[in-house]
Structure formats: C-alpha cells, structure tokens
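**Q** Can you read through this structure? Questions will come right after.
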Amino acid sequence: FILFGKEEPNFAHPKGRIGSRAYIEKHTSEIKKIVTVCNLALCGEGDMVALWPIVQENSESHILDIAKKVFEKLKIDFETTERMARVTSSSESFFEEGVENSFCFMAIGKEDRENIKHYSESVPAEIAFRNVLGLFSRNLKVRTPRLFLHYRNSEDKASYLDEASLRMMSDTTFNFIVNLDRKLAPSSVEFSH
C-alpha cells in the first residue's frame with residue numbers, strides 16, 4: 001500500500017503524478033515484478049464504480065476479469081472507460097512503465113453514468129467548443145458531472161463524503177485483493193465478504 005503525493009498536474013509538471021513517478025524512478029528493478037496497480041480515486045461520493053483505463057493492452061486481462069467478477073459478486077454496478085477527463089491517476093505512471101494491469105477505481109453516481117462517459121471520451125478542446133455552442137443551445141452543452149463540480153477546488157470538502165460510498169470502495173478493494181491473491185496463490189486461505 002503506497003500513498004503517493006503530488007498527483008495533480010501543475011505548470012511545472014503538466015502530467016502531475018510526481019510521487020508515483022519518483023517511486024518508479026527509484027525502484028526500476030521492482031517494476032517488472034508488479035502484477036497490478038489498484039489506484040483509488042474519488043472514493044467518497046457515488047453508488048457505482050468507474051474502472052479505467054481499459055485499453056487494448058489490458059481489455060482481455062485476467063486481472064480485469066477478477067475485478068469484474070468482484071463487482072458482480074458484490075452486486076456493484078460498474079462502468080469501464082478508456083480515460084477519465086480531468087482526473088489524474090498514479091496508476092497511469094505504472095501503465096506508462098509497462099504495468100499493463102494498472103487501474104484506477106473511482107466512485108461515481110449512477111445518475112451521472114452517461115454524462116461522465118461522454119465527458120470522459122471528449123477531449124478538452126471538444127468540451128470547450130461544445131460549451132461555447134451551448135450558449136446558443138442547451139442540447140449542445142457538455143454538462144459537467146456532479147462529481148467534478150467541487151473536485152480540486154475550494155469546494156472540495158469532507159461534507160460531500162458518503163459512508164455508503166466509502167464502504168462500497170473498501171469492500172471492492174478488499175475483495176479484489178483477496179481474490180487476486182487466491183488466483184495467484186491457490187493455497188492461500190479464503191476470505192469471504
């Protein structure tokens with residue numbers, strides 16, 4: 001378990017992820033031994049999980065299958081996407097270093113499911129262009145998902161955290177790790193939810 005700092009992009013480091021990239025730089029010999037990275041982001045608000053990045057390199061991974069089976073077993077709705085606009089994940093640093101099974105687990109609201117998917121699949125220039133056109137027609141405007149209204153700004157407060165969302169994410173993470181261990185080390189003791 002690692003808590004990386006300085007994940008957010010800034011002018012000096014446009015990609016952000018300073019902590020995870022520093023870790024990788026200092027532990028290059030260990031990177032090839034990593035089976036998966038499960039990065040938790042925005043865990044306290046939402047009633048389903050977004051799992052990303054799901055790209056060609058990991059779309060048929062047995063690690064991804066384990067995650068999907070955990071969601072199904074726990075009856076947690078989930079959505080996979082190639083990228084998530086406006087969100088930076090330390091898992092991206094590991095993916096760039098060849099750890100294909102580097103995923104970000106993020107809590108989102110079911111009511112925002114389609115909006116987040118559209119928002120995430122749009123490049124920032126497209127969002128800006130559609131928002132300008134949205135001045136003339138509401139149907140063209142890209143609605144900012146509720147989750148992002150207070151993300152990384154002065155309104156990012158603990159009052160938005162929801163205990164059920166935090167429980168969903170902790171149950172998901174625990175069961176993912178236990179099931180991953182079970183698949184990779186069959187003699188391990190089994191745990192149940």
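The values are calculated or read from the model by the stated rules, or taken from the named source; none is laboratory data. Predicted model, so just to flag it, every value in this text is computed and none were measured. Cβ: placed from backbone, ideal geometry, glycine included. Neighbour counts: every protein chain shown. Surface accessibility is based on the protein's heavy atoms, side chains included, excluding ligands, DNA and RNA. Shrake-Rupley method; radii C 1.70, N 1.55, O 1.52, S 1.80 Å.
**Q** For the structure I just gave you, tell me whether VAL178 is modelled with pLDDT under 90, β-branched (Val, Ile, Thr) and outside any strand (DSSP E or B).
**A** No: the conditions fail for VAL178.
**Q** Within segment 164-175, which residues are surrounded by fewer than 17 Cβ atoms within 10 Å (Cβ to Cβ) and either closer than 11 Å to GLU45 by Cβ or modelled with pLDDT under 90 (or both)?
**A** ALA164, LEU166
**Q** Here's another thing I want to ask about it. Could you list, in sequence order, all residues of segment 38-73 that are open to solvent by 20 Å² or more (accessible area, probe 1.4 Å) and either free of Cβ contacts under 8 Å to residues at least 60 places away in the same chain or in contact with an Asp or Glu (Cβ under 6 Å, 6 or more places away or on another chain) (or both)?
**A** GLU45, ILE54, VAL55, GLN56, GLU57, SER59, GLU60, ASP65, LYS68, GLU72
**Q** Quick check on VAL35: is it of a type outside the set (Asp, Glu), open to solvent by 20 Å² or more (accessible area, probe 1.4 Å) and over 14 Å from the mean Cα position of the chain (by Cα)?
**A** yes
**Q** What's the total number of residues in segment 153-174 that are in a loop (DSSP other than H, G, I, E, B) and among the small types (Gly, Ala, Ser)? If you could, list the steps in order and put the result at the bottom.
**A** So the first thing to find is which residues in segment 153-174 are in a loop (DSSP other than H, G, I, E, B), and the list is 153-157, 161-162.
Still in the running and among the small types (Gly, Ala, Ser): 154.
Within segment 153-174, residues that are in a loop (DSSP other than H, G, I, E, B) and among the small types (Gly, Ala, Ser) number 1.
**Q** I'd like the full set of residues that are within 20 Å of LEU166 (Cβ to Cβ), buried (at least 18 other Cβ atoms within 10 Å of the Cβ) and modelled with pLDDT of 80 or more, limited to segment 79-112.
**A** GLU79, SER89, SER90, SER91, PHE103, CYS104, PHE105, MET106, ALA107, ILE108, ASP112
**Q** Now for a separate question. Quick one: what pairs do we get from segment 141-165, first residue at negative phi, second in a helix (DSSP H, G or I) and modelled with pLDDT of 80 or more, C-beta under 8 Å, 6+ apart or different chains?
**A** Here the result reads PRO145/ASP112; ARG146/GLU111; ARG146/ASP112; LEU147/ASP112; HIS150/TYR160, each pair linking segment 141-165 to a residue that is in a helix (DSSP H, G or I) and modelled with pLDDT of 80 or more.
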